[in-house]
Amino acid sequence: MLLVLTIVAQSLFSQNNKFGLTIEYSPNYSRLSDEILNEKFKLSHNVLLRLNYKSDSNIKPTLGLGYFNTGELNQTVIGGTLGIESIKYFHNYNYVYLPLGAKINLGNLYLLPEIGIGINLSNKMKRVIEFTNGKTENETIDEHLNSGEFNKLSIPISISAGTDFKFGTKRFSTGLKGYYGLNRVVEDVPRNNHYYGIGLLVAMNL
């Protein structure tokens with residue numbers, strides 16, 4: 001989907017040098033707030049196509065469209081009972097989201113605060129059983145709740161800090177990115193379950 005959007009956006013703005021396009025990928029470690037079990041951070045992935053307005057100011061408005069994956073990991077250590085060493089549950093919450101922000105240039109560095117709205121696409125749980133003989137068994141299913149329901153809409157805020165550089169004829173960005181969900185993943189449950197995460201980012205500026 002992002003590839004198609006990139007091609008369409010390039011054709012729309014190729015004649016107008018006031019706009020630029022950025023393709024960003026951010027691997028990060030995410031978790032939910034208010035731990036109640038043995039929750040741990042899990043590796044998550046966010047991909048974004050961002051439109052940048054090339055103003056003469058050091059503050060440049062941005063608008064994006066992307067895929068946003070977050071969640072957490074639960075692990076239960078069995079310790080060899082029935083030949084099972086441990087069971088891991090990877091909770092994945094997936095959204096398509098539209099962030100609005102402003103890139104603030106500070107010499108060779110930049111800050112990019114954003115706020116967006118996300119639409120929930122799916123909620124998946126991956127179960128990984130690790131056996132004492134070294135083998136593993138994987139299964140991915142739709143996440144089911146004992147109470148409450150998943151929020152259809154999400155409001156992520158994020159801030160990125162990094163630097164822009166050139167490699168040959170191409171322009172890139174790299175840095176760190178952190179995010180937090182203003183509303184909860186699951187409503188009507190006692191747990192205060194806001195997602196959050198931090199990780200690297202790498203971007204190509206077209």
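Below, the figures for the structure above:
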| quantity | calculated |
| --- | --- |
| Built amide H within the under 5 Å cut-off of residue 151, gap 5+ | 186, 187 |
| Rounded tilt (10° steps) of 2-13 against the dominant C-alpha axis of the chain | 10 |
| In the stretch 65-149, trypsin sites (Lys or Arg not before Pro) in a DSSP loop with at most 13 other beta-carbon atoms within 10 Å | 135 |
| Cα centroid of the stretch 177-195 to Cα centroid of the stretch 64-116, whole Å | 12 |
| Calculated FRET efficiency for the pair residue 131/residue 37, C-beta based, R₀ 35 Å, to 0.05 | 0.95 |
| Length-normalised contact order of the chain in % [C-alpha pairs under 8 Å, at least 6 apart] | 20 |
| Segment residue 143-residue 98, length gained on full extension (0.36 nm per residue, minus Cα span) | 13.8 nm |
| Relative exposure of 76, 70, 81, judged by other C-beta atoms within 10 Å (fewest first) | 81, 76, 70 |
| Nearest-20 debye value, the chain charge dipole, Cβ charges on Lys, Arg, Asp, Glu | 880 |
| Estimated distance in nm for a label pair at residue 204 and residue 57, the labels positioned 7 Å out from Cα along Cα-to-Cβ | 3.1 |
| Prolate/oblate/rounded call for the stretch 39-104, Cα gyration tensor, a/c under 1.5 rounded | prolate |
| Cα gyration tensor category, rounded, prolate or oblate, for the stretch 102-185 with a/c compared to 1.5 | oblate |
| Positive dipole terminus of the chain, leading residue within 22, 77, 138 (C-beta point charges) | 22 |
| Entry for mean projected area of the Cα convex hull in nm² (calculated from the structure that is shown) out of (1) 10.8; (2) 14.0; (3) 15.1 | (2) |
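Each value in this text was obtained by applying a stated rule to the coordinates, not by laboratory testing. None of these values were measured; they are calculated from a predicted model. Glycine also receives a Cβ, built like all others from the backbone with ideal geometry; neighbour counts cover every protein chain displayed.
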